[in-house]
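Chemist: The structure under discussion is supplied below as structure tokens; questions concerning it will follow.
The values are calculated or read from the model by the stated rules, or taken from the named source; none is laboratory data. From a predicted model like this one, the values you see are computed outputs, not experimental measurements. With ideal geometry, Cβ positions are generated from the backbone for all residues, glycine too; neighbour counts draw on all protein chains shown.
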């Protein structure tokens, strides 16, 4: 059964994002940064995946939002690392943990300032104008089935002869997030609710693993490898456990979406996965 795009849901994305932009311009608190990021991703999914054609205003709007989202992403990455690090309870190396927290806070302040500069009054005014125009010009009649699109996204990676490495897990993390945003635009139904619940379990597990992986790479860059720091060793252990939990969450998916082979996480291969962590981590050394 083909499902239509929920009209009120699609309209509310524009209204909420406008409010989120105003709040973010007032102050770059963690919850505001996160709300803006998810709001822009939802809008990108609606206009980029579900609506077949975009007009010039919608294209310009997405381009403007993408630039700001990139800066917001750097702030968000550091917020996540700080929150994750603070949940780690271990008596060893309290000074190193405090040092790492302080450096992350300093880096966060730098990126927050850049984000703030990108949200000038003129930019915010133009974004609000384009959001309202894009909302009025939105045509859903020829839109794609949100659940069908989401299912296609989740089946986008082929695992026929490949083990489930950290690189593949990272790709699944991105796909599950995009798929969930797409599925959220479906009309209310039992099928949609069940699919979203399934996606949320997978996305939460994959996101949790990736948060710890990013923090582990940042800590290793700053403090050394597992032989040099018990804090880094502890982070590696937690990350390994999170990897296994994420694999279990993926294994609970329907057979058509489950990869047949699973490989143990390789620390060396994680460099490519944690590419986002490399930039802030590289700056940790010079900032310390």
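Chemist: Return yes or no: is residue 107 surrounded by 20 or more Cβ atoms within 10 Å (Cβ to Cβ) and within 23 Å of residue 18 (Cβ to Cβ)?
Modeler: Here the answer is no, as residue 107 does not meet what is asked.
Chemist: Consider residue 119 carefully, then state whether it is in a helix (DSSP H, G or I) and either touching a residue at least 40 places away in the same chain (Cβ under 8 Å) or out of contact with any helix residue (DSSP H, G or I) (no Cβ under 9 Å at 6 or more places or on another chain) (or both). Explain how you work it out, then say what you get.
Modeler: On the way: in a helix (DSSP H, G or I): no; either touching a residue at least 40 places away in the same chain (Cβ under 8 Å) or out of contact with any helix residue (DSSP H, G or I) (no Cβ under 9 Å at 6 or more places or on another chain) (or both): yes.
The answer is no for residue 119.
Chemist: A follow-up question, please. So, in the stretch 181-195, how many residues would count as being within 21 Å of residue 44 (Cα to Cα) and within 22 Å of the chain's Cα centre (by Cα)?
Modeler: So the count comes out to 8.
Chemist: Output yes when any residue across the stretch 202-212 is over 19 Å from the mean Cα position of the chain (by Cα) and exposed (fewer than 15 other Cβ atoms within 10 Å of the Cβ), and no when none is.
Modeler: Among the residues of the stretch 202-212, not one is over 19 Å from the mean Cα position of the chain (by Cα) and exposed (fewer than 15 other Cβ atoms within 10 Å of the Cβ), which makes the answer no.
Chemist: With surrounded by fewer than 18 Cβ atoms within 10 Å (Cβ to Cβ), part of a helix (DSSP H, G or I) and touching a helix residue (DSSP H, G or I) at 6+ places or on another chain (Cβ under 6 Å) as the only criterion, which of 129, 133 stands out? Steps first, please.
Modeler: Values: 129 fails: touching a helix residue (DSSP H, G or I) at 6+ places or on another chain (Cβ under 6 Å).
Criteria check complete, one pass: 133.
Chemist: Could you figure out which of (1) modelled with pLDDT of 95 or more; (2) closer than 17 Å to residue 207 by Cβ isn't true of residue 68?
Modeler: Answer for residue 68: the failing condition is (2).
Chemist: If you check residue 205 against the conditions, is it in contact with a helix residue (DSSP H, G or I) (Cβ under 6 Å, 6 or more places away or on another chain), modelled with pLDDT of 90 or more, in a helix (DSSP H, G or I) and closer than 11 Å to residue 169 by Cβ?
Modeler: When the stated conditions are applied, residue 205 passes them.
Chemist: Of all residues in the stretch 222-247, which are in contact with a helix residue (DSSP H, G or I) (Cβ under 8 Å, 6 or more places away or on another chain) and in contact (Cβ under 8 Å) with a residue 40 or more places away in the chain?
Modeler: Hits for the stretch 222-247 are 222, 223, 229, 231, 235, 238, 243, 245, 246, 247.
Chemist: Residues in the stretch 137-156: is at least one within 30 Å of residue 53 (Cα to Cα), touching a helix residue (DSSP H, G or I) at 6+ places or on another chain (Cβ under 9 Å), without any contact (Cβ under 8 Å) to a residue 24 or more places away in the chain and part of a loop (DSSP other than H, G, I, E, B)?
Modeler: yes
Chemist: Any residue in the stretch 258-272 that is at pLDDT 80 or above, assigned to a helix (DSSP H, G or I) and within 17 Å of the chain's Cα centre (by Cα)?
Modeler: no
Chemist: Condition first: at pLDDT 90 or above and within 13 Å of residue 93 (Cβ to Cβ). Now tell me which residues in the stretch 218-230 satisfy that.
Modeler: 219
Chemist: Given the criterion surrounded by 18 or more Cβ atoms within 10 Å (Cβ to Cβ) and within 25 Å of the chain's Cα centre (by Cα), identify the matching residue among 138, 88, 61. Show your work before the answer.
Modeler: Numbers: 138 fails: within 25 Å of the chain's Cα centre (by Cα); 88 fails: surrounded by 18 or more Cβ atoms within 10 Å (Cβ to Cβ).
Just a single option satisfies the conditions, and that option is 61.
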